[in-house]
Amino acid sequence: MQNNASSAAAVQADAHGEAHNPALLHHFAEPQQQRDAASLGMWLFLATEVMFFGGLFCAYLVYRRWYFGDFAAASKSINMPLGATNTAVLICSSLTVVLAVWAAQTARRTLLLVSLAVTMLLGLTFLGIKGIEYKDKFEEHHVPGASFSFQNVPIPGHPDQYADPHHAQLFFSLYFVMTGLHALHMIIGLGIFLWLFAMAWKGRFTPEWHTPVEIGGLYWHFVDIVWIYLFPLLYLIDRHP
Amino acid sequence: MSDHSSAKSPLPTYFAVFFALLIGTALTVYAATLDLGKFNAPVALTIASIKATLVALFFMHVKGASEKLTKLVVIAALFFLLLLLGLTMTDYATRLWN
Amino acid sequence: MPTAIPQPVERENYLNKEYGVWSWLLTTDHKRIALLYLLSITFFFFIGGFFALLIRLELLTPAGDLVQADTYNKLFTMHGMVMVFFFLIPSIPAVLGNFLVPLMIGAKDLAFPRINLLSWYLYVIGGVMMLHCMLTGGVDTGWTFYAPFSTSFTNTKIVEAGLAIFVAGFSSILTGLNFVVTIHRMRCPGMTWSRLPLFIWAHYATSIIQLLGTPVVAVTIVLVAAERTLHLGIFDPKLGGDPLLFQHLFWFYSHPAVYIMILPSMGVVTEIIACFSRKRIFGYSFVAFSSIAIAVFGFLVWAHHMFVAGISVYSALVFSFLSYAVALPSAIKVFNWTATLYKGSIHYDAPMLYAFGFLGLFTIGGLTGLFLSALGINVHVTDTYFVVAHFHYIMVGGAVMGYLGGMHFWWPKISGRLYPEGWARLAALIVFIGFNLTFFPQFLLGYMGMPRRYYDYSHMPEFQVLNVLSTAGATVLGVGYLLPMIYFLWSMRYGKPSSDNPWNAAGLEWKTSSPPPTFNFDEEPVVTWEAYNYDELDAPYKQEVPVAK
């Protein structure tokens, strides 16, 4: 993802008289090889992330089956409109990311900068909304720990039964770990895009070389995909009126 | 992963996928308000999977990827995830059998 | 066999290209990084070995008279954690893999040299964290840190140890990522998949496991840390949590982890057996695909560590069956190695002695794994010394022997010096004897019912004889391990200089100088021959360097 210190990626002739892109690292034979290596590297990293979140999905699956009613009650208490809004926010950000990649491919500098900036703004919006949700949970005493309280909350569909606070606490533990880890990945994504923005500002990206934008984009899309699953699983267990 | 001389702009596809994703989100929310019994979860997950597939195929350029290797990595990741979930469930799903 | 050619003028190579601490600490040369790893993992090997020594000293007598119970718990825990996470898992991939993968495929370096350096630093940071944890009290849960003891009850430093392992795990993931991308993207012209040395196939398979398994234990550690620090009780039975869920998540990685530990060793053994039988490996594609099969099947069997923990018996049946299936690809390898030996021209140099040791000991370890996979037997020998013996036969009799064999085989390439062959053969013999004396009695002890992780067995004093034998063996084994350390160091200054190819072995790494230049080859190799072309190498009118047709 690094390149040498040179502003425009103009093709230069090296000592052997062969033209090579200054972004080409010495141990690669040609730019396409370097690009393919970076791409494969990012895809493999995303595969590790699938397994990382996968462990949490496994825990969630086990407990949701066991304590469905309690989980449904807990799920109903989190703010679904905010969650849905956040889903839309991330979907918009994925669009701006592909636009950024297209802009880099087609040498559209302004569009590239705007797309990167809007992506970051949407990411910050997502985190802001998340922050509001967390604050609400804190105020409602739904944060697991000593001050956790989930008394007298009916199980959806069974108004005569109350949810077991212990099992609800399991839901919230998973809720905070899963969305917290997701938010952490989002923050890292923001850092990556800030760096991409800086590079784009300095004019480092050209149609011949814009690999960091592509692989940064892959990372961002992955974070979006995780949320695409988190939203229905956490927010939509049972929303029957 | 470079621009493979697309004479045709990819923008219409991107916007089409974008709208599909938004519609899918709305659909998921709506479906959650319906009482589908034990099908609520599969419906939600199916819609989510369609959305994820769209993102992967079109936004992450898995469709039209220059190599089969990219697709293999994606499939491998999914396969091992399903292994984790599936084989774990052989325990949890059968613990209470007699 | 060794053809030491005195080198009148020392050519520039990766060792003498630059001097100074920073040229090492900031290097991106995969060969130097391999040596950095060699130093660090050797350090942790001796730390883990030190704990083993204390364990064996305690078990000399039935009474718990050397250390207290809590201390003993910490000893076996730290022995396990250090040996597994800071020695075995990195060992061959980080040292031999890092050094050889680019050389064997004709590349100048790995795909991501800076990430390679980062991997080492992550390993060191994890190691320092683990050291600090040990020095300030350690952990007493067993290396498996099961919930709810680890999450709710123990007072020891779980979070710190867990984070140390997390960081080291990240190192492992990045190494795996680097290898996979390198093997896919950096092969020189003519180096097709079917011409790759089987060492490369083995490391490819290992890397798949590192990539896909490690993240699961990483997130498990996060959950344990969250439970301990933030009281987010995921495994807490008081909240309705399931301690078995911890075990599922833990073993989903930790079983494939054992294949991370053995596959590279198998790759080494394949190279050694081919070279010292002067024969192409029998059944190349079977060995190659069996490596991939082990990697995949290895993910299907984890709950065989949980047969008596409370999982459903139907699930246990499934995992028992799958555990039998995973033995098949390993058996295929053993058959192929044996068939390679058949009618080979066998040379008994030290690397080959280690390979022979591996063959026998891995077979015993693997077969006893089948005993353990049988539910009926498992009930009786779980948590006894039978299990301890089983995994030490594979980890030590298998993996460590392969590691030592590989270190000897490639030492001339790495250092440019020959080690003293006589001492090496003696050390191999001492290791073999010491190993069997240490661990064979443990099979008997376990079968007779001695539980593992007990510091006091005074209710079963009849076990003392075998324990004494085991401790004696451990001492011998320790001597066997010290010897190579001494003569390898000695050889760096006083050993005979090595030629490019002292073993007349096949493989691209032998076509460059010993030690290699920083960028590995003077000119990019172009491969037109098949792997293990020993028939060409040994042809009657062979030239100085085999001619590529």
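The values are calculated or read from the model by the stated rules, or taken from the named source; none is laboratory data. Model, not experiment: these values are computed from the prediction. Note that we place each Cβ from the backbone using ideal geometry, even for glycine, and neighbour counts take in every protein chain shown.
Annotations for the structure displayed:
- Pick from region C:492-530, criterion aromatic (Phe, Trp, Tyr) and either closer than 16 Å to C:Asn16 by Cβ or surrounded by fewer than 17 Cβ atoms within 10 Å (Cβ to Cβ) (or both), ranking: nearest to the chain's Cα centre (by Cα): C:Phe519
- Just one of the listed residues (C:Tyr393, C:Tyr385) is within 18 Å of the chain's Cα centre (by Cα), crowded, with 22+ Cβ neighbours inside 10 Å and over 16 Å from C:Tyr481 (Cβ atoms), and it is C:Tyr393.
- Note on region B:59-85: residues that are more than 24 Å from C:Ser207 (Cβ to Cβ) and outside any loop (DSSP other than H, G, I, E, B) total 1.
- Against the list (1) surrounded by 23 or more Cβ atoms within 10 Å (Cβ to Cβ); (2) in contact (Cβ under 8 Å) with a residue 60 or more places away in the chain; (3) out of contact with any Leu (no Cβ under 8 Å at 6 or more places or on another chain), the condition C:Met130 fails is (2).
- B:Val29 being within 8 Å of chain A (Cβ to nearest Cβ), within 28 Å of C:Thr214 (Cα to Cα) and surrounded by 15 or more Cβ atoms within 10 Å (Cβ to Cβ): no
- Any hit, region A:66-76, residues being of a type in the set (Lys, Arg), in contact (Cβ under 8 Å) with a residue 12 or more places away in the chain, more than 10 Å from every other protein chain (Cβ to nearest Cβ) and under 20 Å from B:Ala26 (Cβ atoms): yes
- In a residue-by-residue description of region A:117-125, the property of being within 14 Å of chain C (Cβ to nearest Cβ) and either of a type in the set (Gly, Ala, Ser) or in a loop (DSSP other than H, G, I, E, B) (or both) applies to no position.
- Among (1) assigned to a helix (DSSP H, G or I); (2) in contact (Cβ under 8 Å) with a residue 60 or more places away in the chain, the one test that C:Phe166 misses: (2)
- Residue list for region C:182-214, restricted to those being surrounded by fewer than 24 Cβ atoms within 10 Å (Cβ to Cβ) and either closer than 22 Å to C:Ala164 by Cα or touching a Pro at 6+ places or on another chain (Cβ under 9 Å) (or both): C:Met186, C:Cys188, C:Pro189, C:Gly190, C:Met191
- Selection count, region B:32-59, where residues are surrounded by fewer than 17 Cβ atoms within 10 Å (Cβ to Cβ), more than 15 Å from A:Leu233 (Cβ to Cβ) and among the β-branched types (Val, Ile, Thr): 3
- Those residues of region C:426-448 which are closer than 19 Å to C:Phe76 by Cα and small (Gly, Ala, Ser), in sequence order: C:Gly446
- Residue in region A:136-155 that is within 14 Å of chain B (Cβ to nearest Cβ) and either assigned to a helix (DSSP H, G or I) or among the small types (Gly, Ala, Ser) (or both) present: no
- Within region C:18-39, tally of residues that are under 26 Å from the mean Cα position of the chain (by Cα) and in a helix (DSSP H, G or I): 12
- One residue from C:Ile221, C:Ile234, C:Ile209 being within 14 Å of chain A (Cβ to nearest Cβ), assigned to a loop (DSSP other than H, G, I, E, B) and within 23 Å of B:Met89 (Cα to Cα): C:Ile234
- Of the residues screened, A:Thr87 is one that is at pLDDT 95 or above, assigned to a helix (DSSP H, G or I) and closer than 30 Å to C:Phe235 by Cα.
- Test: residue in region A:187-196 that is away from chain B (no Cβ under 14 Å), touching a Ser or Thr at 6+ places or on another chain (Cβ under 8 Å) and of a type outside the set (D, E, K, R): yes
- For region C:44-65, a tally of residues being without any contact (Cβ under 8 Å) to a residue 24 or more places away in the chain, among the hydrophobic types (A, V, I, L, M, F, W, C) and part of a loop (DSSP other than H, G, I, E, B) returns 0.
- Complete set of residues in region A:156-165 that are surrounded by 16 or more Cβ atoms within 10 Å (Cβ to Cβ) and either more than 14 Å from chain C (Cβ to nearest Cβ) or touching a residue at least 24 places away in the same chain (Cβ under 8 Å) (or both): A:Pro156, A:Tyr162, A:Ala163, A:Asp164
- Residues that are surrounded by 18 or more Cβ atoms within 10 Å (Cβ to Cβ) and in contact with a Gly (Cβ under 8 Å, 6 or more places away or on another chain) within region C:133-146 comprise C:Trp143, C:Phe145, listed in sequence order.
- Test: B:Gly24 is closer than 16 Å to A:Leu90 by Cα and more than 7 Å from chain A (Cβ to nearest Cβ): yes
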